[in-house]
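Shown next, in structure tokens, is the structure this report addresses.
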């Protein structure tokens, strides 16, 4: 059995894992390997969450996708 990781090693490995995850999440939509409609980048997600907080619930349906027409998501507007 291997010895347990120290606290510092655990934090370092956790930080590395988080950076790798965010890096892959940022690179895939930015390079076009995955369309932003299916996987928006982390910057887009943060921007949309900030803009949703500042808007009324009636306008949230128009913010569901930054690349697609809001009419495509009209079926989901009942969630307001």
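The values are calculated or read from the model by the stated rules, or taken from the named source; none is laboratory data. Treat the numbers as computed from the prediction; the structure is a model and nothing was measured. Heads up, the Cβs are rebuilt from the backbone with ideal geometry, glycines too, and the neighbour counts pull from every protein chain shown.
Do the conditions hold for residue 44, that is, is it modelled with pLDDT under 95 and surrounded by 13 or more Cβ atoms within 10 Å (Cβ to Cβ)? Please lay out each step first, then the result.
On the way: modelled with pLDDT under 95: yes; surrounded by 13 or more Cβ atoms within 10 Å (Cβ to Cβ): yes.
Yes.
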Legend entry - Flag if residue 13 is more than 19 Å from the chain's Cα centre (by Cα) and at pLDDT 90 or above: yes
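The rows are residues; the columns are (1) out of contact with any helix residue (DSSP H, G or I) (no Cβ under 6 Å at 6 or more places or on another chain); (2) in a loop (DSSP other than H, G, I, E, B); (3) surrounded by fewer than 11 Cβ atoms within 10 Å (Cβ to Cβ).
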position	(1), (2), (3)
2	yes, yes, yes
16	yes, no, yes
28	yes, no, no
38	yes, yes, yes
